[in-house]
1. Take region 163-188 and flag every residue that is open to solvent by 20 Å² or more (accessible area, probe 1.4 Å) and either among the acidic types (Asp, Glu) or assigned to a strand (DSSP E or B) (or both).
2. On the given criteria, is VAL50 within 15 Å of the ligand (Cβ to nearest atom), open to solvent by less than 70 Å² (accessible area, probe 1.4 Å), among the β-branched types (Val, Ile, Thr) and farther than 22 Å from LEU199 by Cα?
3. Can you name every residue in region 44-69 that is of a type outside the set (A, V, I, L, M) and touching a helix residue (DSSP H, G or I) at 6+ places or on another chain (Cβ under 8 Å)?
4. State which residue pairs qualify: first residue open to solvent by 40 Å² or more (accessible area, probe 1.4 Å) and inside region 127-146, second residue within 12 Å of the ligand (Cβ to nearest atom) and assigned to a strand (DSSP E or B) in any location, beta carbons under 6 Å apart, and separation of 6 or more residues or different chains.
5. Inside region 263-289, can you point out the residues that are in contact with an Asp or Glu (Cβ under 8 Å, 6 or more places away or on another chain), in a loop (DSSP other than H, G, I, E, B) and free of Cβ contacts under 8 Å to residues at least 60 places away in the same chain?
6. Can you tell me which residue within region 397-419, out of those that are under 18 Å from ILE234 (Cβ atoms) and out of contact with any strand residue (DSSP E or B) (no Cβ under 7 Å at 6 or more places or on another chain), is surrounded by the fewest Cβ atoms within 10 Å (Cβ to Cβ)?
7. For ARG405, indicate whether it is over 18 Å from the mean Cα position of the chain (by Cα) and not polar (S, T, N, Q).
8. Within region 1-16, can you find the residues that are assigned to a strand (DSSP E or B) and open to solvent by 70 Å² or more (accessible area, probe 1.4 Å)?
Amino acid sequence: MDRIVVKRSGPLSGQIPIAGAKNTCLKLMCASLLSDEPLTLTNVPRLSDVATLSELLESLGVQIGRLDEGRTLALSATDLTSHLAHYDIVRKLRASFNVLGPLIGRTGEAIVSLPGGCAIGARAVDFHLEGLKAMGAKVDLKDGYVYASGDLKGAEVEFPFPSVGATENVMCAAVRARGTTVIKNAAREPDTKALADCLIAMGADIEGAGTEQIVVRGVDRLHGATHRVITDRIELGTYMVAPGIAGGEVECLGGTRDLLAAFCDKMEAAGLEITQTDAGLKVRHPGGRLKAVDVTTAPFPGFPTDLQAQFMAMMCFAEGTSTLEETIFENRFMHAPELIRMGANIDVQGNTARVTGVDHLRAAPVMATDLRASVSLILAGMAAEGETIVNRVYHLDRGYEHLVRKLRGVGANVERLSE
Ligand code: UD1
């Protein structure tokens, strides 16, 4: 199994190109099921999650053409041959549960494996199912699968919490339903807005995406479209943290502040200098130690849970004590014990971690349980004495294209070892 070896690095200098957004791309790929005409996606990130979802879509009958070394995907769902999303694939990629809304919207029928829990929590799908039921779907759970069927009609769906996946599933189901669906307490994430923009380009009638109320008026059919995947704000934030740990200055190409305003505010409060340039976002470490800053994760436009681990890695070196509160997932401090093994001073109580900065960490072999936890350990390793070895690199391949190449490009001392 591959490993990544990180040595003390910095100060960093140079540019990092930010890829298309994984989470957006996966939902756009699912949306291709809604039309019998091709959906062409550009700026597609080359990630194992994209390959896994492609495999699932192909098992449903979607034909996928790959151009430009996989940066462009032409997804053609002209003839669907199956409406069964098998456990073997859904368990590998939770986002594949988002074929449910498009499948039932297009064919009136879907059988989709329940995704089950994962390393960061139970991650229920009850809001997805309640939303579809409100629209008239018959939903049964049997042998670990969701059996959903029915001609959907518009309804009012109010989520108890602005779930990203549930908003996207219900929005996709609603675009071809009879009548108007009003989604209240909807997710406002840029990914959800980008999905709505793509559906609109395909002929859907959607208003309010990006706000807490989305109105979808059903249409008879959707047509093909070509759509560009937006910049990955989580990859962007991850590389913005790199100079925060290793020092120096990095320009993240394609980055814009509106994607990450709350995160940028906290980075600045810690002492980093952020400038919007014509090409992207530039982050500069002014030298000395950063200040400890408190963070509470929240749905967009709040501080993203997907950047909490990286920010914690940075706070391990800050002056003072920072309190990081995780409000989205119940078990998202799996990186903390690994950082503690490297000498970090972290006290986790329930959903709150108190991080008191230390002068330096010591390298250690570490193991990560999810994508963002893994990358936080690599970032921490850039300011640790010795050689940090990060195992289970497959987590990183799910969400970071050319991670090692991009970090090396700005001078980081990072290497991937194959076995
Ligand atoms: C998406 C992102 C993920 C990000 C998360 C929150 C994708 C592929 N993944 O995940 O990277 O961390 O948003 O920004 O887009 N919940 C329920 N019942 C439901 C649905 C959700 O209780 O039916 C709970 C979840 O357990 C969790 C919270 O709501 O505690 C937020 O989940 P949600 O917004 O749905 O996250 P995902 O769409 O799974």
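The values are calculated or read from the model by the stated rules, or taken from the named source; none is laboratory data. From a predicted model like this one, the values you see are computed outputs, not experimental measurements. Quick reminder, even Gly has a Cβ in these numbers, built from the backbone with ideal geometry, and neighbours come from all protein chains shown. The area values use the complete protein model at the heavy-atom level, side chains included, leaving out ligands, DNA and RNA. Shrake-Rupley method; radii C 1.70, N 1.55, O 1.52, S 1.80 Å.
1. ARG178, THR180, VAL182, LYS184
2. Details: within 15 Å of the ligand (Cβ to nearest atom): yes; open to solvent by less than 70 Å² (accessible area, probe 1.4 Å): yes; among the β-branched types (Val, Ile, Thr): yes; farther than 22 Å from LEU199 by Cα: no.
When the stated conditions are applied, VAL50 does not pass them.
3. Our first condition is that a residue be of a type outside the set (A, V, I, L, M); within region 44-69, this holds for 45-46, 48-49, 52, 54-55, 58-59, 61, 63, 65-66, 68-69.
PRO45, ARG46, SER48, ASP49, THR52, SER54, GLU55, SER59 - these are the residues of region 44-69 that are of a type outside the set (A, V, I, L, M) and touching a helix residue (DSSP H, G or I) at 6+ places or on another chain (Cβ under 8 Å).
4. Listed by first residue and then by second, the contacts come to ALA134/VAL157.
5. So the first thing to find is which residues in region 263-289 are in contact with an Asp or Glu (Cβ under 8 Å, 6 or more places away or on another chain), and the list is 274, 277, 279-286, 289.
Cutting the leftovers down to in a loop (DSSP other than H, G, I, E, B) gives us 277, 279, 285-286, 289.
Across region 263-289, the qualifying residues are THR277, PRO286.
6. Here the answer is HIS402.
7. So ARG405 fits the description; yes.
8. As a first pass, look at region 1-16 and keep what is assigned to a strand (DSSP E or B): 3-7, 12-16.
Those that are assigned to a strand (DSSP E or B) and open to solvent by 70 Å² or more (accessible area, probe 1.4 Å): LYS7, SER13, GLN15.
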